[in-house]
1. Just checking, does the range 285-294 include any residue being modelled with pLDDT of 90 or more and in a loop (DSSP other than H, G, I, E, B)?
2. State all residues of the range 38-94 that are charged (D, E, K, R), under 21 Å from residue 145 (Cα atoms) and out of contact with any Asp or Glu (no Cβ under 8 Å at 6 or more places or on another chain); if no residue qualifies, say none.
3. Determine if the range 344-351 includes at least one residue that is under 27 Å from residue 289 (Cα atoms) and crowded, with 18+ Cβ neighbours inside 10 Å.
4. For the range 432-470, how many residues meet the condition of being modelled with pLDDT under 85 and of a type outside the set (Val, Ile, Thr)?
5. Just to be sure before I move on: is residue 419 part of a strand (DSSP E or B), of a type in the set (Gly, Ala, Ser) and more than 30 Å from residue 345 (Cβ to Cβ) in the structure I sent?
6. Any idea which of 46, 86 is surrounded by 16 or more Cβ atoms within 10 Å (Cβ to Cβ) and modelled with pLDDT of 90 or more?
7. Could you list, in sequence order, the residues of the range 366-389 that are surrounded by 18 or more Cβ atoms within 10 Å (Cβ to Cβ) and assigned to a strand (DSSP E or B)?
8. Taking the options 32, 64, name whichever one is aliphatic (A, V, I, L, M), under 14 Å from residue 249 (Cα atoms) and touching a residue at least 40 places away in the same chain (Cβ under 8 Å).
Amino acid sequence: METIELVQRSSAGLPWRTSPSIPLDLNGPEDVPFDPLPPNFTNTPIFSLFETAAARDPAACARVIDDERVSYDMLHRRSLALAQRIDAVTPVDAPVAIMLRQSADAMVALLACLAARHVALIPNADHPPERNAAILQDAGAAAIIIAEAALLADRSPADVVRTAPTLADSPETSTAWQPPKPAAPDAPAIVLYTSGSTGRPKGVVLSQFCMLYRAQRNIAGSHFNRTDRLLPLNSLGTVNGCSYILAILLVSGTLVQSAKTSLRDLRTLIRREGITALIGLPRLLDMLVDSSIQETLTSVRMVRSTGEGMRRSELDALRAVLPRHCHINMTYGMTEASVTHWWVPHGYTESGALIPSGYLCEGVDFVILGEDGNPVADGAIGEIVVRSRVVSLGEFVNGRCIPGRMPPDPADATRRMFAAGDLVCMRPDGLLQFVARGDRQIKINGQRVEPAEIEETIRQIPGVAEAVIVTGGNDGSAALLGFIVPTSGTDPQSLRHTVREALRQRLPAIMRPSRIVMLASLPRLPSGKVDRQSLLVRTPQGGSTLRRLVTRGRKLGRNFVGRK
């Protein structure tokens, strides 16, 4: 029985623990003034809050992307114009896909969907078109906001309406158009996609309530205000990227982004734009900083690490180059739930390899369960399960939201429960410590990767009898290795080429195995299960191949693989 099923059956009898009330800015930027959202913010539509922010100073810069600058007035007018166009071709509440690369148009599209009361589907536009077409077909997308036809596969849904919003060409809003009545706070608003353990991408549904809760936590914890210039190294298609982007816009700050990805370009952007807040994966932050960048970072007052655990060595490297006044923040969570936060105190030292994940977020109940399904004592390792109203609504399947792995709490239907699959322990100082994944899921560049999805994709290729993906590595790093058994009469070398080409078209680069090994059969344990440990030495060079792949990933940086 899965953990979440066990919890659902015994929820009322579990000793749920209430998270302590730890100030969001404890040890952080407590002396920086900021503009909190109004007391009733969770019942106010996101677009209405944005309009309030835009009205404070319409001429102020809302968005910088490389050399393009967009004012709040322009962002507001273009969002309304696109909302009207969407409303003209799709019914209210119908899902609309945002298939745009990093550009000002992507933010326009999200605000337009919120204004017109449409569920915004946000797949990764850089992923293979065939994969995204399957996502949109399953989601029942009524329209696609797109600027590049090449981002869609030929088999895209026939009923899709293709529009191309651009800041230069979008028409003005008709004075006769009236936005629809806002949706309920707990209605589906945004769907973000992660790798799924069932063999297909999983759409996680977030309500406006969920997104505003996260945005307000970012504002109150970071003391964001209209003088801040935020550079998020996360995309709009991630929950961290989306929530931080909304946070900075709702306080009338400036969002700074770049379509350029080189470290040199990002360093130039930080210096030129006077970035005050930097958000990103610890590995990317680690690559971004070195002794030569110290003068570039003088304007940075806070750095927030998201997506995966930070190592002690990465924290030390950041401290060595950041200004003395700069604060470092840690968060732990996933698309489904925000779990912990904390500002690492100046002078804090850690004896372990990983920095603690933080204090439990207010409003989140939790329990840590052992292998027997019973709660463990503090200091013992177990799987964390959370329940809260701010847990995601569920999963988007066949055009509708279902509970999936986020069932409602039997005692209170407004709360949902989620078993994270992470092994953690509660430290004596009240900080949660991430230990390891309890299943096969890993993180690559902060994105979840389910080996089961890769295996299922390979099994669908003609000529494949069996397929297994194995991960391994040391010091928190990992490599993906694929093992395939061809069907009788299939040439292994030809099949290897076919598989690589098929994966290139169907899966993003982070989900493609670094090496594919052909076997006559898979090794089995006495129980009949695949002996995955044995597979690690089935490569021609044994374990040295894995070590070499991990080392290469470290050097490449952008292809670096790290366990969550």
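The values are calculated or read from the model by the stated rules, or taken from the named source; none is laboratory data. Everything numeric here is computed off the predicted structure, so don't read it as measured data. Ideal geometry is used to build each Cβ from the backbone, glycine not excepted, and the neighbour counts take in all protein chains shown.
1. no
2. Across the range 38-94, the qualifying residues are 63, 68, 78, 85, 87, 93.
3. Checked against the condition, which is being under 27 Å from residue 289 (Cα atoms) and crowded, with 18+ Cβ neighbours inside 10 Å, the range 344-351 yields at least one hit.
4. Count: 16.
5. It is true that residue 419 is part of a strand (DSSP E or B), of a type in the set (Gly, Ala, Ser) and more than 30 Å from residue 345 (Cβ to Cβ).
6. 46
7. Residues satisfying the conditions are 366, 367, 368, 369, 382, 383, 384, 385, 386, 387, 388.
8. 64
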